[in-house]
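Take a look at the structure set out below.
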Amino acid sequence: MAGEPFAPFGNMSPLRGIACKLIAVVLLSSMSAWIKWIGDAVPTGQVVFYRSLFAIPPILAYMAWSGMFPVALKTGRPLGHAWRGCIGITAMGLSFAALTMLPLPDAVTIGFAAPLITVILAPFMLNERVGIYRSTAVVVGFIGVLIALSPHLVEGFGAPRTPIERLGAIIALGSAVCVALAMIQIRKLTSTEASHTIAFYFSVSGVVIGLATLPWGWVWPSTTHLVSLIMIGTIGGAGQIFLTESYRYAPTSVIAPFDYTALLFAIGFSIVLFAQPPELVVLLGAAIIMTAGLFVIFRERRLGLKRGKGRSAGSAQSV
C-alpha cells in the first residue's frame, strides 16, 4: 500500500547492492561533471528544471517495473513531500551553483560534510541520542572540512583563489547543510512513504521550483546544451534508481562507505575534462572527513545491532 514503507524484495545480495551503489555513484558523478561543463551557459534554475523533468520518466518506468505504479503516486503526506522538496531542491540548486565555481574535487569534498551535519541535527530534529563516540567523530570530521575549506577562505593555503571560488566554497557548505536537513526529512517520510513516492515527488518539486526561476533569465539552449540538459536529467533519474536498488540488496552499513568513491571519479573527471588536479590540502581534508564518516557509519551499525538484540530479548521475555 502507498502508506506503507518500502519493503525490499528478493534475497539480500551485498555484492549486487555494492554494484548498484557504484553504478549510482558513476552516474551521479557524470551528471555533476556535465553540469559543471554547461554551468556558465545555462542558469542554475533552468538546469534544476531539466534535471527534475527528465528524471521523472525513468522513475515512473522504475515504478512500473517494480509493480508500484500507480500505487506509489498516492500519498497521505503532501506537506511532508513539499517540505522535503523545498529543502532538497534548494540543496540541489546550491550544489549546481557550487559546481560551476569550484573544481569538482573541492565541491565533492565539501559536500561530504552533510552526513556529519545530520548527526549534529539528529538530537534536535529526530530526538536521537548522539553519544561521545559519534560526537568526537563529528568534531574530527569538521576539522577535515575546515582543512578542505582553508584554501578558499584563508590566504596562503594552497593556490590563490578567486572571489568566485571563495563564494563557491560557502555555497557548497550551504548545500551540505540543506542536504543534511533533507536527509532528516527523508528519514521522517520513510516511516510511511515508499522510496518511489519520495523520489517522484522530489522530482515534481524540482520541476515546479525550477520553472519558477524562469523570470530570472533562462536562455534558449543550443542543440548541444539541450541534449546535455536532457542527459543530465535522465542520468540523474537513473542514478536515483540504482541508488534505491542498492538499498534493496544490502544494509546501509555495507554500501554507505562507497559514497566516498565519488571523490575518485570527481578527481578523474576534473583532470581529464577540466585540467584541474586536486590540491594536497583538499585531499588531506577529504581523508579526514571520510575517516570520520566511516567511523560514524560503523558506530551506527554497532548501535543498530545492539538495538536489534535488545528488541529480540524483549520479544523473548514477552512470549
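Between G144, G93, G131, the residue with the greatest mean-square fluctuation in the GNM of the chain (Cα pairs under 10 Å linked by springs) is G131. Expressed as a whole percent, the proportion of Cα-Cα pairs in the stretch 205-270 lying more than 14 Å apart is 76%. In loop segments of the stretch 110-198 as defined by DSSP, the chymotrypsin sites (Phe, Trp or Tyr not before Pro) with at most 16 further C-beta atoms inside 10 Å of their C-beta are F157. Using alpha carbons only, the radius of gyration of the stretch 11-74 set against its Kirkwood radius gives Rg/Rh = 1.09. Relative to the 2.2 N^0.38 Å rule of thumb, the stretch 147-295 has a C-alpha radius of gyration ratio of 1.25.
How big is D for the stretch 94-149, in µm² s⁻¹ as a whole number, if Stokes-Einstein is applied with the Kirkwood radius of its Cα pairs at 25 °C and 0.890 mPa s?
198
Cβ-Cβ distance of K74 and A212, R₀ of 25 Å, FRET efficiency by 1/(1 + (r/R0)^6): the value works out to about 0.45.
GNM on the chain, alpha-carbon springs under 10 angstrom: the most fluctuating residue among L173, L284, L53 is L284. Summed over the residues of the chain and divided among them, the accessible surface reaches 48 Å² per residue at a probe radius of 1.4 Å. For the chain, a Gaussian network of Cα nodes joined below 10 Å ranks S13, S253, S95 by mean-square fluctuation, and the top entry is S13. On the principal axes of its alpha carbon atoms, the stretch 188-243 extends 43, 26, 10 Å, with the longest extent given first. Consider all pairwise Cα distances in the chain and report the whole-number % of them above 24 Å. Value for the chain: 55 percent of Cα pairs lie more than 24 Å apart. Note on the chain: helix-only mean residue ellipticity at 222 nm, from DSSP H runs of 4+ residues weighted -39500 (n - 2.57) and normalised by residue number, equals -25500 deg cm²/dmol.
The values are calculated or read from the model by the stated rules, or taken from the named source; none is laboratory data. Note that the structure is predicted; figures quoted are calculated from it, not measured. Neighbour counts are summed over all protein chains in view; Cβ atoms, including those assigned to glycine, are modelled from backbone coordinates with ideal geometry. Just so you know, the surface numbers come from the protein's heavy atoms only, side chains and all, with ligands and any DNA or RNA stripped out. Shrake-Rupley method; radii C 1.70, N 1.55, O 1.52, S 1.80 Å.
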